[in-house]
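These notes are about the structure you will find just below.
Derivation of every value follows stated rules applied to the coordinates shown; laboratory data play no part. As the structure is a computational prediction, the values presented were derived from the model and not from experiment. A quick note on method: Cβ atoms are made from the backbone with ideal geometry, for glycine too, and the neighbour counts reach across all protein chains shown.
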Amino acid sequence: MAQDLNFNFKVPDLSNGPSELWKRKLKTLFTCIDADGNGFLNRKDLPVLAAKFKRYGEMTDDEALDFTKKLEAWWDAVFPMDASLSFEDFMKSRIEMMNPAKVNDDMLNHYKPNLEMMFKAIDLNGDGIISLPEWKIYYKAMGIKGEKEAEESFKVVDLNGDGDMSLDEFILGSCDFMYSQEESPNTYFLGPLQEL
């Protein structure tokens, strides 16, 4: 792999506020997590999201239940259990997360384990890599339209071009998406960006 995974992501300078591009990326993520489409993120979205992974990824009932529990554990570590976040609330929480003092804590305690759990959910056959067909299922489950976009995103995230996405590549792509305030290779990690 061309890069290592030391999580040496530069915390962007937010003294002038987040960039419009970053807000659009966050809106895209928000839309993916808002599995029931009601415009708010809360714990009720998590079983709906898990059900989509179950349906498109052919998870067993036990796997879907385990996935839901892991999503709920992530939620409970990051947000109050009964929180219902609008996009603006979600954006404020992510801006707070990007405070230089909190980035390493968030990355190590919340973000990285969540990404590892998501990687395992996408890796449907459990072989330790994500294939292009598995990535396409992920896009479907997250409500991201466009098979072509899934293929393009996969090629960018697959840093070494071997046709498989490793956990390291997945985490790097996601972190680039979450932390970069400017156009970057993984701007379209979650497909076309939502308008604000």
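Quick rundown of the values:
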item: Reachable lysines, given that their alpha-carbon falls under 22 Å from the alpha-carbon of Lys25 and they are not under 8 places away in the same chain; result: Lys10, Lys52, Lys92, Lys102, Lys112, Lys136, Lys140, Lys145, Lys148, Lys155
item: Among Lys27, Lys145, Lys136: highest mean-square fluctuation, GNM of the chain, C-alpha pairs under 10 Å; result: Lys145
item: Gain upon complete extension [Ser86, Asp164; 0.36 nm per residue less C-alpha separation]; result: 24.5 nm
item: With 10 Å bins from 0: P(r) over the chain, alpha-carbon pairs, percent; result: 9, 36, 42, 13, 0
item: Reachable aspartates and glutamates, given that their alpha-carbon falls under 17 Å from the alpha-carbon of Lys23 and they are not under 8 places away in the same chain; result: Asp13, Asp34, Glu88, Asp89, Glu96, Asp176, Glu182, Glu183, Glu195
item: For the chain, calculated [θ]222 nm from helices alone, where every DSSP H run of n ≥ 4 adds -39500 (n - 2.57); result: -17000 deg cm²/dmol
item: Two-site FRET efficiency, Asp13 against Val48, from Cβ-Cβ distance with R₀ of 30 Å, rounded to 0.05; result: 0.25
item: Computed magnitude of the charge dipole of the chain (debye, nearest 20; Cβ of K, R +1, Cβ of D, E -1); result: 520 debye
